[in-house]
Structure formats: C-alpha cells, structure tokens
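So the structure is just underneath, and the comments pick up after that.
Derivation of every value follows stated rules applied to the coordinates shown; laboratory data play no part. Bear in mind that the values here come from a model prediction, so they are computed numbers and not experimental data. Here the Cβ is made from the backbone with ideal geometry for all residues, glycine too, and neighbour counts use every protein chain on show.
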Amino acid sequence: MSPVTVVRGTSPIVLAQPHSGTFVPADICAKLTERGAMLADTDWHIPQLYDGLVPQATVVRAEFNRYVIDANRPPDGASLYPGQNTTGLVPLVDFENRPLWHEEPDENEIARRREAFHAPYHAALRAELDRVRAAHGFAVLYDCHSIRSRLPFLFQGTLPDLNIGTNGGATCGQAIERAAAIACANGPYSYVVNGRFRGGWTTRHYGHPGKNIHAIQMEIAQSTYLQSEETPFTFSPDKAADLRDTLAEIFDGIESTFGDLT
C-alpha cells in the first residue's frame, strides 16, 4: 500500500488528512498491545466527513495510522506543546496515557518509519501546495482533524466542538481565520480559536502568509459526527449531515477571502 493518497483538484484549497489512516504493517502491528491494536486515537471517518464539501479541492491523505508514525509531528520529535501532555512522533502511549507497545521502537526503527511514511507524506503535501500556489498565486492548506471530546490526559473537561488553530494567527491571513470563526459562530456548535489545539506541525511548518501559503487546522470533537466515541467508532450520517452544513459555511467563508489573497 502506498503511504499517501493524493487526489488532485483545481481549487486553491488543499485538504490535508494526516490522521485518518488505519494501515499498520504486520511487523509493526505484532508489537502493539491489545489496546494499541484498537487504533483508538485515529481521526475516524475524516475522508467521509469531508467528501465533496469542496468539489475541486486537492486531498493529501496519509494511509498509515498515527501509531506507525505521526505525520503531524516534527520529524525531529520536538514537542508542539511544551509543558503539556501530548504524544510524540511515534507515540508510546495513547490519548489515555496507556502503553501502546509490547516492544517500543528504538531510534533506528523510528528513523526507518520516518523515511518510509513521514517523509513521503510531506513530500506529497509540499508538492501539491507548490503546484496549487503556482496555479493560483496562493494556496490554502486546511488540515483536517478530529478527536474524542473528553480526554483528561490531554485537556480538562469537554473539548469545544470546533477548534480552529492558526498558531495565534501566524499561519494564515487574518481574513481567513476571521471567516472561519464567523462561520462557526453562525452554527449550532461550540468553538474556540487557538485554544488547546493551536495547529500541529503541518499548520506551523507550511503556513507562511508572506510566502502565499495560508494554513489553518480544524480539530473537531468526534461527538459531533460519530454515533459513539467508543469502539467501533461508527459514523453517524444524521449528525454528520448537520456538521457538514457548518463545514460548508466555513469553506464558503474561506473562499470569500480569495480575492484579497492574490
């Protein structure tokens, strides 16, 4: 299986999907604990949730699971949130602080996975951003994420439904952040801008408005579109339909800013 799938479109929008993959090579899967083999921290059904919302968007999707290696972490493994609980480049514990491995990967194994999975994903993403920017004069990277709404190891209480991350406004033009926030405010969901999730490595690494690449992360509480936030993490078409209405408004708002980006 190829580690990354690319669907090319003609829109200025690139949808990055680094955490929706469920592929784990057999040799790696054999080292996972029973808990780890559940892949509970996957961004479940993200491709289905976003399918068709931006018909001509380019999609760059990691097919490998984040337990293999996390495509939204810096390749050197530096923490994105110093002083806060988080998981690393190759996570050793899950989002409930439970061990993932019978045999933890050593530095050589992490380097092997970085070359086989992390690097190809980001090479593909960089290539598509460069292609889209060349075609339009700018590119908008929208990083698609979701997470369970209650995870005490990572954050207190219940996460807002929609979590916009721009690293304090540094990764995209103010008009894009504002348009996304207005669309969220007009909908039925709770939201926050640059709260617990301010944008991962993808958003921070590629988002350079001065270089005409704007990046924004959307972290969605899975309670908004799953039947239950427990295995088997079943998709809820009814919940998702309502959520897709709000997501469509977000994209409409982002697209309304394009005239100011050229």
Across (1) in contact (Cβ under 8 Å) with a residue 60 or more places away in the chain; (2) under 28 Å from Ser236 (Cα atoms), Pro99 clears everything bar (2)
Counting only residues in the range 79-107 that are in contact with a strand residue (DSSP E or B) (Cβ under 8 Å, 6 or more places away or on another chain) and assigned to a loop (DSSP other than H, G, I, E, B), the one farthest from Ala37 (Cα to Cα) is identified as Thr87
Filter the range 54-112 for residues that are hydroxyl-bearing (Ser, Thr, Tyr) and closer than 30 Å to Arg133 by Cα; the one that is surrounded by the fewest Cβ atoms within 10 Å (Cβ to Cβ) is Tyr81
Checked Arg133, Arg73, Arg61 against criteria (within 20 Å of His205 (Cα to Cα) and assigned to a strand (DSSP E or B)); the one match is Arg61
